[in-house]
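These notes concern the structure reproduced below.
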Amino acid sequence: MDKLKIRGGRPLHGDIAISGAKNAALPEMCAALLTAEPVHLVNVPRLHDVRTMRRLLDHMGVTTQTHGERGGMSFVAPDTLSPEASYELVKTMRASVLVLGPLLARFGRARVSLPGGCAIGARPVDQHIKGLQAMGAEVRVEHGYVHATVPRLKGARLFTDMVTVTGTENLMMAAALADGETVIENAAREPEVVDLANCLVAMGAQISGAGSDVIRIRGVERLHGATHRIMPDRIETGTYLCAAAVTGGAVRLTGTSSCYLDAVIDKLMDAGCEVVSERDAIRLSAPARLNAVSLRTSPYPAFPTDMQAQFMAINCVANGVAMIRETIFENRFMHAVELQRLGADIRIDGNTAVVQGVAKLEGATVMATDLRASASLVVAGLVAEGETVIERIYHLDRGYERLEAKLAALGAKVRRLA
Ligand code: EPZ
C-alpha cells in the first residue's frame, strides 16, 4: 500500500495551478442523469473519487468519454439506463447517494445502496429521503437499499433539519424535473451548490437563490445537454495555502479565487500571513513563525470543516494556544493522535481541541484515516524535522490531484513509496 515520504523543513516557493473542485465535479456528473443529451464537463479533476463516480455511471449504462488532458469528460445517459447503484460501488464513496434524486426525477424509480457511515461520522441521509417523500415519492429502506418510486415528483416546500450540502444538491436536482415549484429552506450555501445550480441552469433548469439559504426551483418537462466548466477546488487551494504558511514560504496559486475562501484567508491573515488576491490567483507569503488561531467550523460562509485538520496542523507549531471546535461531524479529530506522534501538544475534549504550539515537530511514521486528515499530516510533515512517512495515502488520492508533483514544484522533498 502506497506511502508518502516527506523530508520537512523547506519553505515552499513558486507557482502551481489548482484543479477543478471534487465536491462540484461529483454532483455535476450525477446531473448528467437528468437528460438523454450529452453533458460536457470541463476542468474535471483526475481523482480517485471521480473515477469511482464514472464507474458507477458506466455500470448504470451511461456512456462516458474523456477528451484529452484538460478536455474534460462527456456523459450520455440513455432512456434505457438501469436506475440502480450497488453497495459494491456506493460503499467506497458516500457521494454516490447523489444519483438518487436525478434517477428518481428522470426515471420515476431508483434503487440505491445506503452509503453507511465513515471515519468522520455516522452521516445519515434521512434529510435526502425526507425531502423526496415530501415531493411525493414512495421511499422504503430495505436490506441496506433505498427503494424509491413516483409517477412524477411534485414541487413542494422543503425544510432540512440541518444544513446539508449533498442533501441540498440531491433535492435541487430532483426538483429540476418536478411538476411545479420547489422551495428548499435552510439550504446549504456552499460554492459547490452554486456551481451545480449553474450547471443545471445551463441544462435548462429554472433555479433562483442558489448561494442563499432559500433556493427556488421551477420544474420543467425535460432538460437538455450543456457544457459546463467546474469551479476551482477551494479546499485544495486552502490546503496549499496552509502548506506554504507553515513552512514560512511564499507561493502563488493560479486558476483559483479568494472569493470562496474568505473565512480561511481571514484566519491565515490573523496567523500573520500576507495574502493578495488576483483576478484568477492567490498569493501568500508567510512569516518565520505563525500566530496561533482559534476557529469553529460551521456551514458556508463560515469556516469549513474540510479545512479544520489542516489548521490543526499549522497551529501545532504556531506561537500560542489555539482552540478548535468541530460542529459539523462528530468524529473529525482522528488526525490529532497522529499529529501527537510528530510531537504535537493537543488535548481533545468532546468536539473541542486545544492545541499548544511547540517549537518543532519531529518526523515519524503516521497513518492517514480520511481525506482531510491525510492532508493535515502532509502539512505537518512539510515542517517537521527529518522524515515523515504517511501510510494509507490512498485517502489523499481521493481528493488531491498530482499532490507530489505540485509539492515538488514548490520545492518540497516528497516521494511516493510503493
Ligand atoms: C459534503 O458532505 C462534502 N462532501 C464534505 O466533504 C463536507 O465535509 C460536508 O459537505 C460539509 O461541508 C461532498 O460534497 C461530496 P452534510 P455531506 O450533509 O453533504 C448531517 C471532503 O473532505 N446530516 O452537509 O455528506 C451529517 O451527518 C468531504 O471533501 C444528517 O444528519 O455533508 C453532518 O453531521 C468530507 N442527515 C451534517 O449533517 C442528512 O440527511 C452536515 O453534513 C444529511 C446530513
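Give the residues of region 182-195 that are outside any strand (DSSP E or B), charged (D, E, K, R) and open to solvent by 40 Å² or more (accessible area, probe 1.4 Å), sorted by residue number. Can you show your working first?
Step one: list which residues in region 182-195 are outside any strand (DSSP E or B), which gives 186-195.
When the remaining residues are screened for being charged (D, E, K, R), the result is 189-190, 192, 195.
Residue satisfying the conditions is Arg189 alone.
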**Request:** Looking only at region 171-180, decide whether some residue is in contact (Cβ under 8 Å) with a residue 60 or more places away in the chain and within 12 Å of the ligand (Cβ to nearest atom).
**Result:** yes
**Item:** Scan of region 356-380 for residues that are in contact with a Ser or Thr (Cβ under 9 Å, 6 or more places away or on another chain) and among the β-branched types (Val, Ile, Thr), ordered by number
**Value:** Thr365, Val366, Val378, Val379
**Asked** Inside region 45-78, can you point out the residues that are under 25 Å from Ala175 (Cα atoms) and within 16 Å of the ligand (Cβ to nearest atom)?
**Response** Val50, Met53, Arg54, Leu56, Leu57
**Prompt:** What number goes with the only condition from (1) open to solvent by 30 Å² or more (accessible area, probe 1.4 Å); (2) within 15 Å of the ligand (Cβ to nearest atom); (3) under 30 Å from Ala250 (Cα atoms) that Asp2 does not pass?
**Reply:** (2)
**Complete:** By residue number, the members of region 248-269 that are open to solvent by 20 Å² or more (accessible area, probe 1.4 Å) and within 16 Å of Ala313 (Cα to Cα) are Gly248, Lys267
**Asked** Could you give every pair whose Cβ atoms fall below 6 Å, whose first residue belongs to region 215-235 and is among the polar types (S, T, N, Q), and whose second residue is open to solvent by 20 Å² or more (accessible area, probe 1.4 Å) and away from the ligand (no atom under 14 Å from the Cβ), counting only separations of at least 6 or pairs across chains?
**Response** Thr227/His40
**Request:** Could you list all residues from region 285-300 that are over 21 Å from Arg372 (Cα atoms) and not in a loop (DSSP other than H, G, I, E, B)?
**Result:** Ser285, Asn291
**Request:** Residue by residue through region 145-170, note down the ones that are away from the ligand (no atom under 12 Å from the Cβ) and open to solvent by 40 Å² or more (accessible area, probe 1.4 Å).
**Result:** Thr149, Pro151, Arg152, Lys154, Arg157, Phe159
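Table: residues versus (1) buried (at least 18 other Cβ atoms within 10 Å of the Cβ); (2) among the polar types (S, T, N, Q).
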{"site": "Ala77", "(1), (2)": "yes, no"}
{"site": "Thr80", "(1), (2)": "no, yes"}
{"site": "Ala95", "(1), (2)": "yes, no"}
{"site": "Val99", "(1), (2)": "yes, no"}
{"site": "Ala110", "(1), (2)": "yes, no"}
{"site": "Pro115", "(1), (2)": "yes, no"}
{"site": "Asp126", "(1), (2)": "no, no"}
{"site": "Met135", "(1), (2)": "yes, no"}
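Does region 24-59 hold any residues that are open to solvent by 10 Å² or more (accessible area, probe 1.4 Å), in a helix (DSSP H, G or I), touching a residue at least 24 places away in the same chain (Cβ under 8 Å) and under 23 Å from Arg111 (Cα atoms), and which are they?
As a first pass, look at region 24-59 and keep what is open to solvent by 10 Å² or more (accessible area, probe 1.4 Å): 36-38, 40, 42-44, 46, 48, 51, 54-55, 58-59.
This time we only want the ones that are in a helix (DSSP H, G or I), so: 48, 51, 54-55, 58-59.
Right, trim to touching a residue at least 24 places away in the same chain (Cβ under 8 Å) and you get 48, 54-55, 59.
Result: Arg54, Arg55, His59.
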**Item:** Given (1) within 13 Å of the ligand (Cβ to nearest atom); (2) open to solvent by less than 60 Å² (accessible area, probe 1.4 Å); (3) not in a strand (DSSP E or B), number of the condition Val139 does not satisfy
**Value:** (3)
**Request:** Kindly list, by first and then second residue, each pair from a residue in region 110-138 that is within 16 Å of Ala175 (Cα to Cα) to a residue that is within 8 Å of the ligand (Cβ to nearest atom), limited to pairs with Cβ atoms under 6 Å and residues at least 6 apart or on different chains.
**Result:** Gln127/Thr160; Gln127/Thr164; Gln127/Gly167; His128/Gly167
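Could you please give the count of residues in region 171-181 that are part of a loop (DSSP other than H, G, I, E, B) and open to solvent by 20 Å² or more (accessible area, probe 1.4 Å)? Outline the logic, then answer.
Taking region 171-181 and keeping what is part of a loop (DSSP other than H, G, I, E, B), we get 176-178, 180.
With the extra rule that they be open to solvent by 20 Å² or more (accessible area, probe 1.4 Å), the set shrinks to 180.
Total meeting the criteria: 1.
Looking at region 257-292, which of its residues are within 16 Å of the ligand (Cβ to nearest atom) and not aliphatic (A, V, I, L, M)?
Start the filter on region 257-292 by keeping residues that are within 16 Å of the ligand (Cβ to nearest atom), which leaves 260-264.
Correct list: Tyr260, Asp262.
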**Asked** Restricting attention to region 375-406, which residues are farther than 20 Å from Arg10 by Cβ and either free of Cβ contacts under 8 Å to residues at least 40 places away in the same chain or part of a strand (DSSP E or B) (or both)?
**Response** Glu391, His395
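Could you check region 196-273 for strands (runs of 3 or more DSSP E) lying wholly inside it with 1 or more residues that are over 28 Å from Thr182 (Cβ atoms) and not hydroxyl-bearing (Ser, Thr, Tyr)?
On the way: elements: 206-208, 214-218, 226-229, 250-254.
The qualifying strands (runs of 3 or more DSSP E) are 250-254.
The values are calculated or read from the model by the stated rules, or taken from the named source; none is laboratory data. Here the structure is a predicted model, which is why all the values come from computation and not from measurement. Every residue, glycine among them, receives a Cβ derived from its backbone with ideal geometry; neighbour counts consider all protein chains shown. Ligands, DNA and RNA are excluded from the accessible area calculation, which covers all protein heavy atoms including side chains. Shrake-Rupley method; radii C 1.70, N 1.55, O 1.52, S 1.80 Å.
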